[in-house]
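Engineer: One structure coming up, written as structure tokens, with questions to follow.
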Ligand SMILES: CC(C)(COP(=O)(O)OP(=O)(O)OC[C@H]1O[C@@H](n2cnc3c(N)ncnc32)[C@H](O)[C@@H]1OP(=O)(O)O)[C@@H](O)C(=O)NCCC(=O)NCCS
């Protein structure tokens, strides 16, 4: 098996309130509905807005292809009690080095403030670090995106630095804040949480 594959990851991933599962074309209407929000596109590097059914179909097909190859986890965040799609969460290798993964996530506006994204990110991190090749997970947040930075700190990430005016979006240059979580920090964080 190739180093760094997710082929052994058993899906869906389950947590107390959520299932993280691969998307299907049946999810496209829910995706289009939740992603019709400039506030989400503004905070993500590559999220189209307006979000069209064609964008949803393309994302689903790419996610399914990646799942078959074991390249990445591109999952929907689904509430277990009513099967409602709340958002998305993904991890994928940064470039050709399988030891570093990138993390991305979003939550529909109506589902924030209840800890769902925190729960989903913790769950995908557990799967990410179960993959032996993973040494480090990195996440980027634009500097005005305080909620995302708070989430990353909550799950154990540390701020590593700031790339000044690294991204041009909505007619302005944005600073990009880099966060990372090392395997040993994740293991320590998980031990502390179990002990508390
Ligand atoms: C980033 C984003 C996912 C964060 O959403 P969020 O609702 O703040 O995150 P969570 O779902 O983890 O909820 C955390 C909030 O719920 C509260 N909460 C309630 N129950 C909780 C629980 N069981 N566990 C954790 N937090 C809980 C927390 O106190 C926190 O509220 P606060 O911000 O008022 O302190 C969301 O703002 C978003 O999708 N933004 C647009 C896309 C985006 O920015 N993506 C990231 C790009 S880097």
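Engineer: Any residue that is crowded, with 19+ Cβ neighbours inside 10 Å and more than 9 Å from the ligand (Cβ to nearest atom) - is there at least one of those in region 61-69?
Structural biologist: Yes.
Engineer: Being touching a residue at least 60 places away in the same chain (Cβ under 8 Å) and within 29 Å of residue 146 (Cα to Cα), is that true of even one residue in region 56-74?
Structural biologist: Looking for residues that are touching a residue at least 60 places away in the same chain (Cβ under 8 Å) and within 29 Å of residue 146 (Cα to Cα), one finds at least one in region 56-74, hence yes.
Engineer: Checking the structure you have, find out if any residue of region 129-143 is buried (at least 20 other Cβ atoms within 10 Å of the Cβ), more than 27 Å from residue 5 (Cβ to Cβ) and touching a residue at least 40 places away in the same chain (Cβ under 8 Å).
Structural biologist: yes
Engineer: Still on this structure, I have one more. Name the residues in region 24-47 that are in contact (Cβ under 8 Å) with a residue 12 or more places away in the chain and under 17 Å from the mean Cα position of the chain (by Cα), would you?
Structural biologist: 31, 34, 35, 39, 40, 42, 43, 44, 45, 47
Engineer: Sort out which residues of region 88-124 are part of a helix (DSSP H, G or I) and either within 18 Å of residue 153 (Cβ to Cβ) or away from the ligand (no atom under 14 Å from the Cβ) (or both), and write them in order of number.
Structural biologist: 116, 117, 118, 119, 120, 121, 122, 123, 124
Engineer: A further question on this structure: Going through region 59-82 one residue at a time, which ones are part of a loop (DSSP other than H, G, I, E, B), closer than 17 Å to residue 111 by Cα and in contact with a strand residue (DSSP E or B) (Cβ under 8 Å, 6 or more places away or on another chain)?
Structural biologist: Passing the criteria: only 80.
Engineer: While we're on this one: Name the single residue, out of those in region 76-90 being closer than 20 Å to residue 122 by Cα and out of contact with any helix residue (DSSP H, G or I) (no Cβ under 7 Å at 6 or more places or on another chain), that is surrounded by the most Cβ atoms within 10 Å (Cβ to Cβ).
Structural biologist: The qualifying residue surrounded by the most Cβ atoms within 10 Å (Cβ to Cβ) is 88.
Engineer: Of the residues in region 39-56, how many are more than 10 Å from the ligand (Cβ to nearest atom), outside any loop (DSSP other than H, G, I, E, B) and surrounded by fewer than 16 Cβ atoms within 10 Å (Cβ to Cβ)?
Structural biologist: Residues in region 39-56 being more than 10 Å from the ligand (Cβ to nearest atom), outside any loop (DSSP other than H, G, I, E, B) and surrounded by fewer than 16 Cβ atoms within 10 Å (Cβ to Cβ): 2 in total.
Engineer: Can you find a residue in region 125-132 that is part of a helix (DSSP H, G or I), more than 12 Å from the ligand (Cβ to nearest atom) and under 22 Å from residue 47 (Cβ atoms)?
Structural biologist: Among the residues of region 125-132, at least one is part of a helix (DSSP H, G or I), more than 12 Å from the ligand (Cβ to nearest atom) and under 22 Å from residue 47 (Cβ atoms), which makes the answer yes.
Engineer: Scan region 145-162 and give yes if some residue there is in a loop (DSSP other than H, G, I, E, B), out of contact with any strand residue (DSSP E or B) (no Cβ under 6 Å at 6 or more places or on another chain) and within 13 Å of the ligand (Cβ to nearest atom), otherwise no.
Structural biologist: Within region 145-162 (the criterion being in a loop (DSSP other than H, G, I, E, B), out of contact with any strand residue (DSSP E or B) (no Cβ under 6 Å at 6 or more places or on another chain) and within 13 Å of the ligand (Cβ to nearest atom)), the answer is yes, since at least one residue qualifies.
Engineer: Here's a follow-up. Report yes if residue 177 is modelled with pLDDT of 95 or more, touching a helix residue (DSSP H, G or I) at 6+ places or on another chain (Cβ under 7 Å), within 22 Å of residue 14 (Cβ to Cβ) and surrounded by 18 or more Cβ atoms within 10 Å (Cβ to Cβ), otherwise no.
Structural biologist: no
Engineer: I'm checking my understanding of the structure. Among residues of region 7-22 that are free of Cβ contacts under 8 Å to residues at least 60 places away in the same chain and surrounded by 17 or more Cβ atoms within 10 Å (Cβ to Cβ), which one is farthest from residue 124 (Cα to Cα)?
Structural biologist: Across region 7-22, the extreme among qualifying residues is 22.
The values are calculated or read from the model by the stated rules, or taken from the named source; none is laboratory data. Note that the structure is predicted; figures quoted are calculated from it, not measured. Reconstructed Cβ throughout: ideal geometry from the backbone, glycine too, with neighbour counts over all protein chains shown.
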